[in-house]
Amino acid sequence: CAVKAAHVLSEITKNEEMKKPCIEADLVLTLIPLLESTDQEMLLHAGRAIGRICYDNCGLQEELVKVGVIPSLVRILTDYAESEPLVHVALLALYNLADLDSAKEALSMTKVADQLVKQLRRAESHERLEIVFEVLQALAENDALKVQLVDAGVPEVLSEILLRLQGSSQAEDTCIVKAASDLIVSLLLGGNKGNITGQVHKESTSKTIVWISARCENSQGKDSLNSGFASLVSIIMFLTSLTCLVLPLSSDGNCLRMFQLGVIHQLLDLLEKQVQSGDTSVQQAALSALQSLTIPVVSKVQMLEEGVAERIEALLRSESPPVQFKLLGTLRMLADGQADAAEVLGQDPLLLNRLVQWCSESDHSGICGEANRLLASILHHNRSQEVVKAIHAAQGVKHLVSMTTSEHAAMQNEALNALAIASAIDLETLEESFKECQLVQSLHKLLRDDNTSPEVKYNSMGLLCRLLNSGDLRQEIEEDKIKDTLEQLCSHSNADVVKEATTTLQVLRGKT
């Protein structure tokens with residue numbers, strides 16, 4: 001009799017006009033205990049009736065959570081995982097409740113993650129996948145549930161789905177690929193509201209990246225990557241970046257973990273294949289990840305030891321401006337603070353020739369600027385006379401002199417510091433180029449210009465002190481009457497500028 005009554009209610013509540021009388025009669029609270037039944041037919045009808053009555057009614061949905069409907073729904077998924085009708089009812093109910101904070105909290109106290117993984121694996125229709133995805137996306141907004149979902153292996157199952165659908169051109173499959181991609185990123189990127197930078201479940205993220213990379217490698221044939229696979233690869237690159245950047249206090253450890261797991265060389269393997277096939281989106285994604293991995297000092301050392309710099313340089317074959325831009329940024333970050341890296345890069349004739357070529361390109365100002373910055377970085381962090389000679393031979397000096405007059409103060413300072421260090425290493429080699437490029441005159445102009453920042457003035461005088469070690473350049477400095485300008489700077493409003501002007505005057509007068 002109770003089963004029949006529940007059936008009748010589930011049918012009449014299909015009618016919108018019948019919902020209100022059911023609510024007024026408190027039928028929802030009457031139906032809730034029926035969800036504890038072991039009769040599958042009773043569960044099916046009671047679940048449908050409750051779902052239809054409470055659909056789009058936040059007040060009733062909150063009431064459902066308060067009276068304990070969540071554990072009942074998870075029990076149905078657990079005990080009747082093979083029953084398609086019951087699973088459908090339970091998933092729809094979770095879908096309707098998942099946006100409620102109270103429901104998320106209640107779900108975090110259950111084993112719902114394991115059951116959702118089970119349903120992901122069993123799902124055969126797009127409709128079932130979409131419902132599970134919707135539930136997962138809502139639950140991923142909760143930090144505790146997010147960790148549970150990752151631990152339960154949801155990212156790995158989503159990766160299997162992506163790989164299974166690779167190559168499909170059906171619109172429904174494309175939607176699934178997009179949703180699965182978004183979910184992987186959402187699950188592995190933390191969102192602790194008390195921490196602006198967020199959190200990453202590091203161990204699971206690392207394992208997932210390696211697992212996906214290995215599956216990608218095994219599944220790839222000789223043809224170039226299709227769009228579904230490219231999307232998956234982009235996720236790998238993005239997650240690698242997240243793992244190393246989102247937790248700045250432990251980024252060194254995260255980057256080392258990436259090396260230990262072999263992720264770096266897997267990324268480079270993919271990159272080298274994509275240079276040949278021309279998939280620039282994958283190249284850009286991988287280079288973004290590599291840029292992130294080159295930030296910690298410990299990573300730079302590891303990359304040098306494993307020959308990563310040489311492998312990255314292979315991408316110079318790419319003719320894609322966005323890829324070239326990221327390539328230059330990656331190499332610049334690798335050289336930052338590393339004399340060994342600067343020496344390796346600074347003695348590569350292919351690289352230096354391409355850098356000089358890019359420094360002259362006016363069509364792509366971003367590439368031009370990044371090429372100049374890499375050239376400056378190599379000189380700045382280098383301690384070898386051979387590198388200075390190599391850059392001079394490649395005709396790179398004139399571009400650095402030109403960089404001192406950039407409209408960006410940061411680039412001006414980078415060029416000035418690089419030239420000062422290079423002059424300290426081997427001024428004799430650079431002397432003639434400095435005269436041809438009128439470096440002394442450029443520096444004097446910077447010192448005279450009221451719009452020049454104090455830091456640029458300071459670094460300009462630091463370079464002047466180095467140039468005074470050359471007889472010919474000292475003569476140019478004296479003839480250009482820079483002494484008068486230095487004397488004026490001794491009364492500058494910036495204390496550092498005043499101090500450096502005084503020091504430079506003393507060197508110019510031969511007192512130090």
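The values are calculated or read from the model by the stated rules, or taken from the named source; none is laboratory data. Since the model is a prediction, treat every value here as computed from it, not as a measurement. Neighbour counts are summed over all protein chains in view; Cβ atoms, including those assigned to glycine, are modelled from backbone coordinates with ideal geometry. The area values use the complete protein model at the heavy-atom level, side chains included, leaving out ligands, DNA and RNA. Shrake-Rupley method; radii C 1.70, N 1.55, O 1.52, S 1.80 Å.
Between Ser423, Ser453, Ser460, the distinction of being at pLDDT 95 or above and surrounded by fewer than 21 Cβ atoms within 10 Å (Cβ to Cβ) belongs to Ser453 only.
For (1) open to solvent by less than 10 Å² (accessible area, probe 1.4 Å); (2) at pLDDT below 85; (3) among the hydrophobic types (A, V, I, L, M, F, W, C), each residue gets a yes or a no:
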position: Ile131; (1), (2), (3): no, no, yes
position: Val135; (1), (2), (3): yes, no, yes
position: Ser186; (1), (2), (3): no, yes, no
position: Gly190; (1), (2), (3): no, yes, no
position: Val200; (1), (2), (3): no, yes, yes
position: Thr208; (1), (2), (3): yes, yes, no
position: Asn218; (1), (2), (3): no, yes, no
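If the condition is being in contact (Cβ under 8 Å) with a residue 24 or more places away in the chain and farther than 11 Å from Leu489 by Cβ, then the stretch 447-463 contributes Ser453, Glu455, Val456, Asn459, Gly462, Leu463.
Of the numbered criteria (1) free of Cβ contacts under 8 Å to residues at least 24 places away in the same chain; (2) closer than 27 Å to Gln488 by Cβ, the one Phe434 fails is (1). The C-beta contact set for the stretch 93-115 (first residue among the aromatic types (Phe, Trp, Tyr), second residue assigned to a helix (DSSP H, G or I), distance under 6 angstrom, 6+ apart or interchain) comprises Tyr95/Ile131; Tyr95/Glu134; Tyr95/Val135.
Screening Arg354 against (1) within 17 Å of Lys398 (Cα to Cα); (2) of a type in the set (Lys, Arg); (3) surrounded by 21 or more Cβ atoms within 10 Å (Cβ to Cβ) leaves a single unmet condition, (3).
Residues considered: Ala90, Ala81. Of these, the only one that is touching a residue at least 24 places away in the same chain (Cβ under 8 Å), under 40 Å from the mean Cα position of the chain (by Cα) and assigned to a loop (DSSP other than H, G, I, E, B) is Ala81. Of all residue pairs spaced 6 or more apart or on separate chains, none has beta-carbon atoms under 9 Å together with a first member in the stretch 358-386 that is within 15 Å of Thr330 (Cβ to Cβ) and loosely packed, with under 15 Cβ neighbours inside 10 Å and a second member that is aromatic (Phe, Trp, Tyr) and at pLDDT 90 or above. Is it fair to say Ala371 is farther than 20 Å from Leu315 by Cα and among the small types (Gly, Ala, Ser)? Criteria not met by Ala371.
Given the structure, is Val344 open to solvent by 50 Å² or more (accessible area, probe 1.4 Å), in contact with a Leu (Cβ under 8 Å, 6 or more places away or on another chain) and at negative phi? In short, yes.
Regarding Ile53, is this residue closer than 27 Å to Lys20 by Cβ and either surrounded by fewer than 21 Cβ atoms within 10 Å (Cβ to Cβ) or modelled with pLDDT of 90 or more (or both)? In short, no.
Being assigned to a helix (DSSP H, G or I) and loosely packed, with under 15 Cβ neighbours inside 10 Å holds for only one residue in Glu407, Glu414, Glu432, and it is Glu432. Within the stretch 136-161, residues that are free of Cβ contacts under 8 Å to residues at least 60 places away in the same chain sit with their Cβ atoms under 8 Å from residues that are aromatic (Phe, Trp, Tyr) and open to solvent by 40 Å² or more (accessible area, probe 1.4 Å), at 6+ positions apart or across chains, in these pairs: Ala138/Tyr95; Glu156/Trp211.
I'd like to verify a number: residues in the stretch 1-20 that are in a helix (DSSP H, G or I), loosely packed, with under 12 Cβ neighbours inside 10 Å and out of contact with any His (no Cβ under 9 Å at 6 or more places or on another chain), how many? Matching residues across the stretch 1-20 total 3.
If you take the residues in the stretch 66-88 that are open to solvent by less than 20 Å² (accessible area, probe 1.4 Å) and β-branched (Val, Ile, Thr), which one is nearest to Ile23 (Cα to Cα)? Across the stretch 66-88, the extreme among qualifying residues is Val69. Of the helices (runs of 4 or more DSSP H) lying entirely inside the stretch 272-317, those carrying at least 1 residues that are open to solvent by 20 Å² or more (accessible area, probe 1.4 Å) and at pLDDT below 70 are 280-293. Within the stretch 146-162, count every residue that is part of a helix (DSSP H, G or I), open to solvent by 10 Å² or more (accessible area, probe 1.4 Å) and within 16 Å of Thr110 (Cβ to Cβ). Of the residues in the stretch 146-162, 4 are part of a helix (DSSP H, G or I), open to solvent by 10 Å² or more (accessible area, probe 1.4 Å) and within 16 Å of Thr110 (Cβ to Cβ).
For the stretch 330-342, check the following and say yes or no: at least one residue is small (Gly, Ala, Ser), touching a Phe, Trp or Tyr at 6+ places or on another chain (Cβ under 9 Å), assigned to a helix (DSSP H, G or I) and at pLDDT below 90. So far as the stretch 330-342 goes, no, none of its residues is small (Gly, Ala, Ser), touching a Phe, Trp or Tyr at 6+ places or on another chain (Cβ under 9 Å), assigned to a helix (DSSP H, G or I) and at pLDDT below 90.
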